[in-house]
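The values are calculated or read from the model by the stated rules, or taken from the named source; none is laboratory data. Since the model is a prediction, treat every value here as computed from it, not as a measurement. Because the Cβ atoms are built from the backbone with ideal geometry, glycine has one as well, and the counts that use them run over all protein chains shown. Each accessible area value is taken on the protein alone, full model and side chains, heavy atoms only, with ligands, DNA and RNA left out. Shrake-Rupley method; radii C 1.70, N 1.55, O 1.52, S 1.80 Å.
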Amino acid sequence: MKTIEEINQKITNGDAVVVTADEMTSIVAQKGAKKASEEIDVVTTGTFGAMCSSGAFLNFGHSDPPIKMSRTFLNGVEAYSGLAAVDAYLGATQPSQNPEIGLDYGGSHVIEDLIRGKEVELIAEAYGTDCYPLKTVETPITLDKINQATMLNPRNCYQNYAVATNSTPETLYTYMGTLLPNSGNVTYSSAGALSPLINDPYFQTIGVGTRIFLCGTEGYIVSEGTQHSTEVERRNGVPVGSAGTLMLQGDMKKMDPDFVRGATMPKYGPTLYVGAGIPIPILNEDIATRTAISDEEIICKIIDYGIPRRSRPVITETNYKELKSGKIEINGIEVPTSPLSSFKRAKMVAEELKEWIENGEFLLTTPVKSLPSRGCTVKPLETNKPAVLVRDIESKSIIMTHSDDKINDVARKLVDNNINHLPVVDNNGQLKGIVTSWDIADAVARDKSKLVDVMTRKVIIAREDESVDIIARRIDKHNISGLPIVDKENRVKGMITAEDISRLIGGNLKNENGGESI
């Protein structure tokens, strides 16, 4: 057994033996955990990935005359101002208010700009009071001109995470990056064997007050992060999915722009790439064993993000050795994999922290309180109104057509039934395409007689167990007015249109207002 005090004395004397987590894997494999625990004093970890639940508290100082800021914008990105007069919290994922910029710039980019020493435009609005009479402020600021800039991230350093793919026939834009249709790719986020919480899965050395590497400077663990979960499935001691998290704090004025990046997930929104590293003191043989875990021993589950539900289905399992190889197999098909985090920078974090400790510039801290290692679960948000599913909408009689039907006959079906969409099916009722009244009009104008020449074969569909809210999003995203409803065998069960959804919403509003429509 060693103590943190003994290890700190060795660091002060320049005698501490420090290795990175990936180096520790090889050392334990060669010498065994007992010998490694005697020789190694500290193992450094590192990660550099997208951490959406991040942000910064800023204090701008008082103007003359003073102002009580009620709305605050930094380079067009709104920061929360429901605090004291000149304090604000800037969330990393808050997008720009400028519609021409949209999701391409947000709070994360402002944070990086400030750390890089760039000027940022501050615009503040206020309602005015006797002691704070000023109503507007417009001025450039830099990090060295404001009083405090404290990065405070409510949820960072997830202990393992889901791996994402997409089984649907359309491209999806998510916080796990762009997911290609029909499981065309797999994305993942963890740094694997270098990841901080994977190397101390039961929080034996990590706790409140632990000094860490955060974006190129010293930071601290404030507490467990939001959505911290301990009651999870584990393999080799490590959770196979989302589990423990950390709330982190650091001084932005001392941060290094090499270890922080503002970024945007395409068509999803801004996020902040955070470089974080935690030193693990090797106090005993058990901790040495934990820090020797390899990528192959870290199991994770591939989740189907094509199902937009709180609980998404698991496609299969894999490990980080397979993921880092650049390809895995799903249902007998080779699928390319790509990381959302940077292994190169994660390694840089671990190496930089190692150098600080070896040079005597960074001492370890004993946590003032342990992080919860049991009894924590993530509760869902239970809404008063359950989601309306596609199957809940009153269905009209199903009207369909076949690919060998004549254009005139299809036109007659549309007119006689006062509809604009017709699913095209085979003899088993399985969906093969869709045709609209516009398609028929175009066919007549171009003197086409075969339905197969005008029908759309790549059809956006709705499933019976999907929420109507999801279908409304799909209709808006693809700029269409209706979708065929299909079952698991791709058999057509009906149609759902924008008009159906509008009628449903209108009925709900009428019921909520005592029978009066609004």
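Just a few scattered comments:
- FRET efficiency, 1/(1 + (r/R0)^6) with R0 41 Å, evaluated for R116 and K458 via beta carbons: 0.40
- In terms of packing, defined here as the mean over residues of other Cβ atoms within 10 angstrom, the peptides 447-453, 398-404, 52-58 line up highest first as 52-58, 398-404, 447-453.
- Per residue value of the accessible surface for the chain (all protein chains in place, 1.4 Å probe), Å²: 48
- Stretchable slack from H402 to E382, in nm (0.36 nm times residue separation minus alpha-carbon distance): 2.9 nm
- Straight-distance crosslink candidates among aspartates and glutamates, where the alpha carbon sits under 15 Å from K477 and sequence neighbours closer than 8 are dropped: E170, D469
- Computed over region 390-512, relative contact order equals 25 percent, with contacts defined as Cα pairs under 8 Å that lie 6+ residues apart.
- Reach of K254 by Cα under 16 Å, taken over lysines that are not fewer than 8 positions away in the same chain: K118, K145
- Two-site label geometry, S373 and N147: point separation in nm, points 7 Å out along Cα→Cβ: 4.1
- The value of relative contact order for the chain, using C-alpha pairs under 8 Å at least six residues apart, is 16 percent.
- Counting only DSSP beta bridges whose two residues both lie in region 390-512, roughly 75 percent are antiparallel.
- Spin-label zone in region 173-211 - amide nitrogen under 16 Å from a point set 7 Å from the Cα of I333 along the C-beta vector: 179-187
- Taking a point 7 Å from the Cα of A84 along the Cα-to-Cβ direction, the residues of region 237-278 with backbone N closer than 19 Å to it are 250-253.
- Partners for K327 among lysines (Cα-Cα distance below 21 Å; same-chain residues under 8 apart left out): K301, K344
- Between T217 and N59, full extension at 0.36 nm per residue minus the direct alpha carbon distance yields a gain of 54.9 nm.
- FRET efficiency for the K2 to R71 pair, using the beta carbon distance and R₀ = 51 Å, is estimated at 0.45.
- Rolling a 1.4 Å probe over the protein heavy atoms of region 61-146, with every protein chain left in place, gives an accessible area that is 49 percent carbon and sulfur.
- Label selected from (i) 23.7; (ii) 23.1; (iii) 26.4, the criterion being Kirkwood radius over Cα pairs in Å as computed here: (iii)
- The chain, helix-only ellipticity at 222 nm - DSSP H runs n ≥ 4, -39,500 (n - 2.57), divided by all residues, nearest 500: -6000 deg cm²/dmol
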